[in-house]
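The values are calculated or read from the model by the stated rules, or taken from the named source; none is laboratory data. Quantities reported herein were computed from a predicted structural model and do not represent experimental measurements. Neighbour counts are summed over all protein chains in view; Cβ atoms, including those assigned to glycine, are modelled from backbone coordinates with ideal geometry.
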């Protein structure tokens with residue numbers, strides 16, 4: 001290809017070319033670097049639950065949430081008179097996952113890919129709720145819930161689909177997340193309904209530069225980017241057919257961060273290099289949640305199930321197209337020839353829908369202490385990766401423990417809650433198809449444990 005490129009320049013310009021394969025290659029690499037998708041970090045609500053109380057029961061809170069995290073789990077519960085008004089929480093997610101491959105497996109050093117494991121992340125959750133009650137009008141309530149990762153709100157990352165990585169945890173454990181909702185009590189202490197939204201931030205933009213390859217100078221450089229809010233609806237209902245029994249239904253719309261970054265390099269007395277990358281990141285599917293809670297004098301029991309429509313998920317891989325043409329070599333000609341052209345291999349997600357059951361139990365121990373625990377089973381939506389891609393995941397068993405202390409009134413603080421979760425990913429063995437495993441990643445086992453712990457104060 002380099003010889004053909006040089007011959008084309010010589011024929012069309014009848015002079016020694018200033019644009020060669022070796023001079024253009026660094027700019028192609030630069031375009032690839034600049035074209036990486038800008039990703040917000042991911043919120044842990046989808047995987048671990050929202051709020052210390054719900055997280056202490058493996059996310060079971062769709063029918064009994066007594067703090068602002070109801071904005072996420074079921075905003076119709078914001079009308080509950082037991083609602084806390086303000087919460088401030090901290091949590092840390094510590095993955096201990098593994099990917100075991102055969103010694104003959106190829107890595108970056110010999111044309112393959114190295115493993116990529118998720119790192120430890122931490123964040124702060126701030127929640128607030130307001131309940132307005134009058135004698136003549138129905139009770140209304142408002143809630144807001146914000147999660148901010150401590151590592152920052154954005155980062156540059158593009159994971160190649162052939163790289164073995166845990167697709168649900170690599171990019172879904174740290175993102176800036178905003179949730180807000182409004183609820184109305186249609187039947188006092190019986191029936192409430194709510195609507196709200198979850199929000200993320202997406203990015204799109206373009207960049208262009210004029211390059212003088214002979215002097216190795218950048219003569220013009222422009223960059224333009226739009227930061228756009230991505231919003232998904234939340235709708236919920238809570239119904240109390242008995243004073244101790246509550247049934248909750250919640251719908252959460254799909255949410256994702258789209259990115260689109262075209263980059264154009266124009267060479268003086270040369271061609272034009274276009275680099276275009278687009279895709280969808282941090283996708284969470286449509287979710288339908290059905291929950292029931294029994295609140296007794298000392299014991300409370302929560303059960304629920306969440307249907308997640310992962311079958312609608314777009315590919316986690318970025319689509320990349322880049323080409324170099326000869327538009328500057330013969331400006332008097334209307335015919336433009338592409339000298340080099342590359343495009344990424346299309347990758348289909350192929351995910352499947354899942355139904356996740358959850359159960360939580362709570363016990364009051366005197367006036368100051370409440371203890372709780374929970375279990376959930378999240379089936380994997382990710383098919384076994386026998387071909388080119390290596391999106392890893394498996395069935396996840398989650399065990400949780402938590403407690404709340406209410407002895408801080410003299411100190412001017414409300415309940416203090418803590419929790420710890422252990423998510424066990426079953427070991428999954430993958431037998432790669434040699435004909436489709438073109439990089440030679442080879443058979444591998446993957447699995448491990450993810451620890452999540454947190455502390456929350458309410459007022």
In segment 325-358, residue modelled with the lowest pLDDT [restricted to those that are within 27 Å of the chain's Cα centre (by Cα), surrounded by fewer than 17 Cβ atoms within 10 Å (Cβ to Cβ) and part of a strand (DSSP E or B)]
343
Condition check: surrounded by fewer than 20 Cβ atoms within 10 Å (Cβ to Cβ), within 23 Å of residue 51 (Cβ to Cβ) and out of contact with any strand residue (DSSP E or B) (no Cβ under 9 Å at 6 or more places or on another chain). Does residue 387 satisfy that?
no
If we ask which residues in segment 384-414 are within 30 Å of residue 309 (Cβ to Cβ) and at pLDDT 95 or above, their number turns out to be 7
Which one of these does residue 371 not meet: (1) surrounded by fewer than 17 Cβ atoms within 10 Å (Cβ to Cβ); (2) under 22 Å from residue 165 (Cβ atoms); (3) at pLDDT 95 or above?
(2)
Filtering segment 99-143 down to residues that are without any contact (Cβ under 8 Å) to a residue 40 or more places away in the chain, assigned to a loop (DSSP other than H, G, I, E, B) and within 20 Å of the chain's Cα centre (by Cα) yields 119, 120
Is it fair to say residue 91 is farther than 30 Å from residue 301 by Cβ and either buried (at least 19 other Cβ atoms within 10 Å of the Cβ) or modelled with pLDDT of 95 or more (or both)?
no
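For the structure I just gave you, tell me whether residue 408 is over 28 Å from the mean Cα position of the chain (by Cα) and under 28 Å from residue 365 (Cβ atoms). Talk me through it step by step, then tell me what you get.
Working: over 28 Å from the mean Cα position of the chain (by Cα): yes; under 28 Å from residue 365 (Cβ atoms): yes.
Taking the combined requirement at face value, the residue satisfies it.
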Restricting segment 264-286 to residues that are crowded, with 22+ Cβ neighbours inside 10 Å and over 27 Å from residue 47 (Cα atoms), which is farthest from the chain's Cα centre (by Cα)?
270
What number of residues within segment 44-76 are under 15 Å from residue 404 (Cα atoms), touching a helix residue (DSSP H, G or I) at 6+ places or on another chain (Cβ under 9 Å), in contact (Cβ under 8 Å) with a residue 40 or more places away in the chain and assigned to a loop (DSSP other than H, G, I, E, B)?
2
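Go through segment 231-243 and count every residue that is crowded, with 16+ Cβ neighbours inside 10 Å and either within 23 Å of the chain's Cα centre (by Cα) or under 27 Å from residue 260 (Cα atoms) (or both).
Our first condition is that a residue be crowded, with 16+ Cβ neighbours inside 10 Å; within segment 231-243, this holds for 232, 234-240.
This time we only want the ones that are either within 23 Å of the chain's Cα centre (by Cα) or under 27 Å from residue 260 (Cα atoms) (or both), so: 232, 234-236.
Summing the residues that are crowded, with 16+ Cβ neighbours inside 10 Å and either within 23 Å of the chain's Cα centre (by Cα) or under 27 Å from residue 260 (Cα atoms) (or both) in segment 231-243 gives 4.
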Top-ranked residue in segment 113-145 [being within 30 Å of residue 166 (Cβ to Cβ) and surrounded by fewer than 19 Cβ atoms within 10 Å (Cβ to Cβ); ranked as modelled with the highest pLDDT]
126
Against the conditions (1) more than 29 Å from residue 391 (Cα to Cα); (2) within 20 Å of the chain's Cα centre (by Cα); (3) surrounded by 15 or more Cβ atoms within 10 Å (Cβ to Cβ), where does residue 83 fall short? Just the number, please.
(2)
Sort through 67, 96, 82 and tell me the only one that's at pLDDT 50 or above, more than 22 Å from residue 197 (Cβ to Cβ) and touching a strand residue (DSSP E or B) at 6+ places or on another chain (Cβ under 6 Å).
96
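Which of the residues that make up segment 77-97 are assigned to a helix (DSSP H, G or I) and in contact with a helix residue (DSSP H, G or I) (Cβ under 8 Å, 6 or more places away or on another chain)? Before the answer, list the steps.
Just the residues of segment 77-97 that are assigned to a helix (DSSP H, G or I), to begin with: 77-79.
Matches in segment 77-97: 77, 78.
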Go through (1) touching a helix residue (DSSP H, G or I) at 6+ places or on another chain (Cβ under 8 Å); (2) modelled with pLDDT of 90 or more; (3) closer than 21 Å to residue 229 by Cα for residue 184 and report which single condition fails.
(3)
Scan segment 415-436 for residues that are surrounded by 23 or more Cβ atoms within 10 Å (Cβ to Cβ) and modelled with pLDDT under 95 and report the count.
0
Please work out which one of (1) under 30 Å from residue 375 (Cβ atoms); (2) in contact (Cβ under 8 Å) with a residue 40 or more places away in the chain is the condition residue 407 fails and give its number.
(2)
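If we only count strands (runs of 3 or more DSSP E) wholly inside segment 212-324, which ones have 1 or more residues that are at pLDDT 95 or above and in contact with a strand residue (DSSP E or B) (Cβ under 7 Å, 6 or more places away or on another chain)? It would help to see each step written out before you state the result.
Working: elements: 217-242, 245-252, 255-267, 272-284, 287-295, 299-308.
Hits in segment 212-324: 217-242, 245-252, 287-295, 299-308.
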